[in-house]
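Only one structure is covered here, and it is reproduced in the block below.
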Ligand code: GLP
């Protein structure tokens with residue numbers, strides 16, 4: 001696991017965008033696993049600027065998002081579908097048919113999991129971008145999720161719902177279920193890039209770097225992966 005510590009969030013975003021841009025320049029039809037959350041927003045902004053400046057093109061790239069809330073309409077302002085379009089897809093030259101996000105707004109969630117899993121089986125993801133939850137979750141793989149899991153429906157922990165409460169009018173509106181790539185889908189990516197910013201992530205980063213590999217801390221599985229880069233800012237690195 002390679003750890004890069006930057007001075008602040010702006011530098012973290014620059015470094016992460018640099019990794020993504022370098023891969024895309026080398027391999028214009030690369031497949032990216034993408035993440036939501038506030039952490040990658042700065043990275044996405046830099047990528048948008050590069051596309052606008054014609055330095056970069058996603059015209060042949062494919063993307064696969066990690067997760068989506070269940071039973072939230074796709075066009076709901078807080079769906080990950082809406083988030084990704086607003087934060088990235090609406091502003092770059094990616095083709096709509098090359099964007100993949102799990103379908104959470106469906107009555108047949110089992111089929112939705114199977115469909116996404118089939119899609120991922122042929123996806124051959126070059127780079128998976130990840131954030132990290134305060135409890136070590138990646139995607140929506142909460143503590144004690146078996147590392148062998150493929151795409152599944154997860155009951156969100158109260159901690160995760162409370163963390164995401166800020167985006168909704170009330171805690172009751174925060175979805176209780178989400179569909180997420182499983183840990184084995186995530187670790188199938190050729191390369192992994194995990195980002196963490198701010199003091200709220202410092203304990204999770206210490207656990208990731210210094211702790212042991214355990215299903216109690218989902219991100220620890222990354223220690224078994226051969227090509228992981230972790231980019232953190234000084235605040236997130238404070239407990240190392
Ligand atoms: C959500 C997402 C994760 C993300 C995490 C951290 O739970 N499902 O993929 O990594 O939030 O979000 P943030 O970057 O806002 O701290």
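Numerical summary
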{"read-out": "Cα pair distances of the chain binned at 10 Å [whole percent]", "value": "8, 34, 40, 18, 1"}
{"read-out": "Sum of -39500 (n - 2.57) over DSSP H runs of 4+, divided by residues of the chain (222 nm, nearest 500)", "value": "-8500 deg cm²/dmol"}
{"read-out": "Two-site label geometry, residue 169 and residue 157: point separation in nm, points 7 Å out along Cα→Cβ", "value": "2.9"}
{"read-out": "Radius of gyration and Dmax over the Cα atoms of the stretch 109-240, both given in Å", "value": "14.9, 43"}
{"read-out": "Cβ-derived FRET efficiency at R0 51 Å, residue 118 paired with residue 200, nearest 0.05", "value": "0.90"}
{"read-out": "The stretch 90-153: radius of gyration over Cα atoms, expressed as a fraction of 2.2 N^0.38 Å", "value": "1.28"}
{"read-out": "Inter-label distance, nm, simple model (7 Å from Cα along the C-beta direction), residue 38/residue 240", "value": "2.2"}
{"read-out": "Cα-only radius of gyration and Dmax that characterise the stretch 1-53, units Å", "value": "11.5, 33"}
{"read-out": "Cα centroid separation, the stretch 167-240 to the stretch 1-79 (Å)", "value": "16"}
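Only the coordinates and a few stated rules stand behind these numbers; no lab work does. As the structure is a computational prediction, the values presented were derived from the model and not from experiment. Note that each Cβ is placed from the backbone with ideal geometry, even for glycine, and that neighbours are counted across all protein chains shown.
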